[in-house]
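Asks: Take this structure first; my questions come after.
The values are calculated or read from the model by the stated rules, or taken from the named source; none is laboratory data. Computed from a predicted structure; not experimentally measured. As a convention, Cβ positions derive from the backbone with ideal geometry for all residues, glycine included, and neighbour counts pool all protein chains shown.
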């Protein structure tokens, strides 16, 4: 005699096993994806830092806070013939791993700081929400 279908009890057992596996695997997968966003953000910060270094070689200064990172792709209004940009291959500024704009600040100790505000897009935070910058 052939069996036609699964009983309700068997279906509930299978669903419970699938739910248990999903509960165990999901947090690990989330960690893998967020790790990729951090790596992408660090790579973008390195790219931008290299572009600022090229700007600095040509202009003998870093971009001002008013000019910001846009000085890497568009000639500043007061720039003379020393500006040899654009200093990035793309004609737009990259975003961090969470699709937020980078923050650019001048700093007397480090010349400049390029900051990603993390997953939450706000200053401070822990884990994925922690800020990343070119000083670390």
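Asks: State which residue pairs qualify: first residue surrounded by 10 or more Cβ atoms within 10 Å (Cβ to Cβ) and inside region 10-34, second residue modelled with pLDDT of 65 or more and not in a helix (DSSP H, G or I) in any location, beta carbons under 9 Å apart, and separation of 6 or more residues or different chains.
Replies: 14/6; 34/97; 34/119
Asks: Next question. Go through the residues of region 63-76 one by one and say whether even a single one is assigned to a strand (DSSP E or B) and surrounded by 13 or more Cβ atoms within 10 Å (Cβ to Cβ). Before you say what the answer is, go through the steps one by one.
Replies: Quick first cut of region 63-76, residues assigned to a strand (DSSP E or B) only: none.
Checked against the condition, which is being assigned to a strand (DSSP E or B) and surrounded by 13 or more Cβ atoms within 10 Å (Cβ to Cβ), region 63-76 yields no hits at all.
Asks: Okay, next question. Return the pair list, or none, for Cβ contacts closer than 7 Å from residues in region 91-113 that are on the phi > 0 side of the Ramachandran plot and at pLDDT below 95 to residues that are crowded, with 17+ Cβ neighbours inside 10 Å and not in a loop (DSSP other than H, G, I, E, B), at least 6 apart or on different chains.
Replies: none
Asks: Just checking, does region 120-130 include any residue being touching a helix residue (DSSP H, G or I) at 6+ places or on another chain (Cβ under 7 Å), modelled with pLDDT of 90 or more and surrounded by 13 or more Cβ atoms within 10 Å (Cβ to Cβ)? Working first, answer last.
Replies: Taking region 120-130 first, the residues touching a helix residue (DSSP H, G or I) at 6+ places or on another chain (Cβ under 7 Å) are 120, 128.
Filter once more, so that each one left must be modelled with pLDDT of 90 or more: none.
No, region 120-130 contains no residue that is touching a helix residue (DSSP H, G or I) at 6+ places or on another chain (Cβ under 7 Å), modelled with pLDDT of 90 or more and surrounded by 13 or more Cβ atoms within 10 Å (Cβ to Cβ).
Asks: If the Cβ limit is 6 Å and pairs must be 6+ apart or interchain, which residue in region 43-72 that is free of Cβ contacts under 8 Å to residues at least 24 places away in the same chain pairs with which residue that is part of a loop (DSSP other than H, G, I, E, B) and surrounded by 13 or more Cβ atoms within 10 Å (Cβ to Cβ)?
Replies: Close Cβ pairs (under 6 Å, with a partner that is part of a loop (DSSP other than H, G, I, E, B) and surrounded by 13 or more Cβ atoms within 10 Å (Cβ to Cβ)) amount to 67/76; 71/63.
Asks: Let me ask you something else. Would you confirm whether any residue within region 45-61 is part of a loop (DSSP other than H, G, I, E, B) and at pLDDT below 95?
Replies: yes
Asks: Further question on the same structure: Determine whether residue 101 is within 14 Å of residue 39 (Cα to Cα) and surrounded by 12 or more Cβ atoms within 10 Å (Cβ to Cβ).
Replies: Working: within 14 Å of residue 39 (Cα to Cα): no; surrounded by 12 or more Cβ atoms within 10 Å (Cβ to Cβ): yes.
No, not satisfied.
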